[in-house]
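Readers should treat all values here as calculations from the given coordinates under stated rules, not as data from a laboratory. Please read these numbers as outputs of a predicted model, since none were measured by experiment. Cβ placement follows ideal geometry from the backbone for every residue including glycine, while neighbour counts extend to all protein chains displayed.
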Amino acid sequence: MENPHYPNAFIIGVQKAGTTTLDDWLSQHPQIYCYESLKDVHLFGVLSKDEIEKKLLEEPVEYSGEPVVLQSAVNYIFYSQLLNGIKENCPDAKLIVILRNPFDRAISAYYYFKKMLREQRSIEEALLYQPQNDLAFSKMNNDFTYIEHGLYHRQIKGCLDYFRKEQLLVLDYDELIKQPQTVVKKFFSFLEVDESFKPEFASRNITGEIKNQWLQEKLIKQSKLKKIVVKYFIDFWMPRSKRKTLKKKMFEMNTGKKETNENLQKIKEQLAQYFIEDAKKLDELLGTTFSEKWFATITSSNT
């Protein structure tokens, strides 16, 4: 039996900060093997060793000796149990984190889960609440912790409890979008692969608005009949990994531009109490200037 190839590199977050796009760009590199069917599947710290290896061996694309083996899941950085799981199984792994303005990240996450038919509340009800500490791994906490996901100092500091600073690369979402060629070279350098390779730069998993509500519901909602058809007919000629890829492409095709909301500025000002101090602590920890960049308009409007 073939031995599973454990990842030696991870994109560990953050949610709604271009991780799917980056995963796509890195996976194009001939020296990087990417677990495409395991994107956002949290293996480590959740599954047993046997379950992890079974998942790794199910990847449809055959491993060809690439020096970098990459797996990406946005909530790895969000839970200490998942970081500990990576540490126990892949202690020398290199970790990549993309950080996005936490206001924009929270709003993007809200509209994304709205698009995926998971979020039913108004944006004010969903985003204006008292954040919590020490959340347990769960689907609810993965999706609806809009403020907590933007408290980056807490997450980065937690990551450094398990890994050395030189194992972690932290980059800016805005640079990823505006200067993709420059930023991708930093990733390639960090992973010690050929920096001259140029991937096809295309954005993936954008938030946007639903084009066709009926199609979206058919893609997402489950039923007994749908499960029977999949189990006894579709599984035979299209395995789950290929269905996941096809489904992702259909979601992208069914996504249009997002509409604007006039209340967003007021929401941002109310969330500032949580994000500004955390970002200042992050800058002290990493020697960065995220707080100045992200909150200039908020702080100036309050003076």
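See the values below:
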| read-out | value |
| --- | --- |
| Amide H contacts of Val68 (H built 1.01 Å from N, under 5 Å, at least 5 apart or other chain) | Tyr33 |
| Given charges at beta-carbon only (K, R positive; D, E negative), |dipole| of region 9-205 in Debye | 520 |
| Spin-label model distance (nm) - Ile177 vs Lys49, 7 Å beyond Cα toward Cβ | 4.3 |
| Part-to-part distance (alpha-carbon centres) for region 1-15 and region 32-95, which is given in Å | 3 |
| Over 31 Å between alpha carbons, listed pairs Lys49/Lys157; Lys87/Lys266; Lys178/Lys266; Lys115/Lys186; Lys49/Lys185 | Lys87/Lys266; Lys115/Lys186; Lys49/Lys185 |
| Theoretical FRET efficiency, 1/(1+(r/R0)^6), r = Cβ-Cβ of Asn263 and Lys185, R0 35 Å, to 0.05 | 0.35 |
| Equivalent ellipsoid semi-axes - Cα gyration tensor, region 9-205, angstrom | 26, 20, 16 |
| Calculated FRET value between Glu277 and Asp92, using beta carbons and R₀ = 35 Å, to 0.05 | 0.55 |
| Efficiency of FRET between Glu2 and Phe137 - r from beta-carbon atoms, R0 30 angstrom, step 0.05 | 0.50 |
| Full-stretch length increase - Gln120, Glu62 - with 0.36 nm per residue and alpha-carbon distance subtracted | 16.8 nm |
